[in-house]
Amino acid sequence: MEIKKLLDKGLIPTPIVKRTGLYQLVRGFTLVEMMVVIAIISTLAAISIPVFLTSRINANEASAIASCKAISTSCQSYYMNVDPHTYPAQLDDLVAPASDPPYLDTVLAVDKRKQGYRFEYTLNGAESFTLYADPITVGRTGNRYFFVDETGIIRANTGGRADATSTPIE
């Protein structure tokens, strides 16, 4: 009876039902409460997913720049250590067994792909080389294209393949 008095006065929340002569509190969520929670979660997902994708692209581009630096430095080291001076004919020449000690990571030299970027190395004579780093899927793995040659200056372009006239990165 005590519960009935409290119910009548509005002091107990309404989700109470009478079962077998006793009043019991029913626990659960209403449809409106569930819809509010789903709306909040959807809003948070809509905000966070694009931020996550952008940060992933930025990380891939940073990795591509670091890989371009590593390849350029490896080519310069190779050039200084061979007689007569020449750049490697291909990236495979920078890893074991062709090179001892190896100048470059096998992933870059053999696979020529790393974190969403494809690397293309070309020897343009004993004194010159070019390296292109292109996103595998533009807009998904990267937005910028990169270029480096024997000067060691990394250049970037967003509209297509970078070349020696593209803007240097800082």
Practice item. Among the residues of the range 41-89, write down those that are under 13 Å from the mean Cα position of the chain (by Cα) and among the acidic types (Asp, Glu). Key: Glu61
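Could you pull out the residue among Ile57, Ile71 that is in contact (Cβ under 8 Å) with a residue 40 or more places away in the chain, within 20 Å of Gly125 (Cα to Cα) and surrounded by 15 or more Cβ atoms within 10 Å (Cβ to Cβ)?
On the way: Ile57 fails: within 20 Å of Gly125 (Cα to Cα).
Result of the check over Ile57, Ile71: Ile71.
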Point to revise | Ala89 being farther than 24 Å from Pro168 by Cα, among the hydrophobic types (A, V, I, L, M, F, W, C), surrounded by fewer than 16 Cβ atoms within 10 Å (Cβ to Cβ) and in contact with a Leu (Cβ under 8 Å, 6 or more places away or on another chain) | key: yes
**Study point:** Lone unmet requirement of (1) open to solvent by less than 20 Å² (accessible area, probe 1.4 Å); (2) within 26 Å of Leu53 (Cα to Cα); (3) polar (S, T, N, Q) for Thr137
**Key:** (1)
Point to revise | Check on Ser42, touching a Leu at 6+ places or on another chain (Cβ under 9 Å), among the small types (Gly, Ala, Ser), at pLDDT 65 or above and surrounded by 10 or more Cβ atoms within 10 Å (Cβ to Cβ) | key: no
Check your understanding: Can you name the residue in the range 145-170 that is within 17 Å of Ala66 (Cα to Cα) and of a type in the set (Gly, Ala, Ser) and is also surrounded by the fewest Cβ atoms within 10 Å (Cβ to Cβ) among such residues?
Key -> Gly152
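The values are calculated or read from the model by the stated rules, or taken from the named source; none is laboratory data. Since the model is a prediction, treat every value here as computed from it, not as a measurement. We place every Cβ from the backbone using ideal geometry, glycine too, and count neighbours over all the protein chains shown. Remember, those area values only see protein heavy atoms, side chains included, never the ligands or the DNA or RNA. Shrake-Rupley method; radii C 1.70, N 1.55, O 1.52, S 1.80 Å.
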